[in-house]
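Chemist: Just dropping this structure here.
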């Protein structure tokens, strides 16, 4: 991404570290007036607010969060100065960010506690290497790239029908997810804790091949009890259990409607 941005002169057109505070359309002069957090005012014929829904991290309102003495940060504001090697780490949440972060950090931490509030539906992730032979095939026969793209489109359209009330497809999705869970989680107690209680589509569906195996590691614990409070050195759940931690990572989503 950096190479492409530099090659095509994109970098010098980006203003880094500046937030757009407001924008209004001047109907008389037919242009936009855009103001930024550093006090600048810009005019533009075209204004494209491509900020996305997932741009403002949400931190949970847990009692004692402000008095935690260790490092703590949201997954979207990762603190790269914090070395997790040999640390006791808590990951709060089991959504799309957590299923990527947990497998990545589990091998390097001393102990990892994953706090699960609600159980996500996790499907197997179909992924493969794009080796030179396949890239060469795409160049030789561009229609093959179109065919593969149409195949993925059809697959996800098929899954989306489960959200539209199609019972057979919903049952098929449930079966696939159940087999995936049973094949990767051999501990019956852990497997029961990872079984969703809501119908598919009640929350964002996820795809992963390494999240369940990461939870099976000896140094990883899945905690389903609600977090009651945070002290300077630990996370306490409402069953009275004290979980000593050095670092807390909040995978708690975004203010998608702000």
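Each value in this text was obtained by applying a stated rule to the coordinates, not by laboratory testing. If you're wondering where the values come from, they're calculated on a predicted model, not measured in any experiment. Methodologically, a virtual Cβ is constructed for each residue, glycine included, from the backbone with ideal geometry; neighbour enumeration extends over all protein chains shown.
Chemist: Select from the range 2-29 the residues that are touching a strand residue (DSSP E or B) at 6+ places or on another chain (Cβ under 9 Å), exposed (fewer than 10 other Cβ atoms within 10 Å of the Cβ) and more than 21 Å from residue 51 (Cα to Cα) and list them in ascending order.
Modeler: If the condition is that a residue be touching a strand residue (DSSP E or B) at 6+ places or on another chain (Cβ under 9 Å), exposed (fewer than 10 other Cβ atoms within 10 Å of the Cβ) and more than 21 Å from residue 51 (Cα to Cα), then 29 is the only one that fits.
Chemist: On to the next question. What do you reckon, is residue 54 in contact (Cβ under 8 Å) with a residue 40 or more places away in the chain and closer than 14 Å to residue 248 by Cα? Working first, answer last.
Modeler: Values: in contact (Cβ under 8 Å) with a residue 40 or more places away in the chain: yes; closer than 14 Å to residue 248 by Cα: no.
It is false that residue 54 is in contact (Cβ under 8 Å) with a residue 40 or more places away in the chain and closer than 14 Å to residue 248 by Cα.
Chemist: Return yes or no: is residue 170 within 23 Å of the chain's Cα centre (by Cα) and either without any contact (Cβ under 8 Å) to a residue 24 or more places away in the chain or surrounded by 13 or more Cβ atoms within 10 Å (Cβ to Cβ) (or both)? Break it down stepwise before answering.
Modeler: Numbers: within 23 Å of the chain's Cα centre (by Cα): no; either without any contact (Cβ under 8 Å) to a residue 24 or more places away in the chain or surrounded by 13 or more Cβ atoms within 10 Å (Cβ to Cβ) (or both): yes.
Answer is no for this residue.
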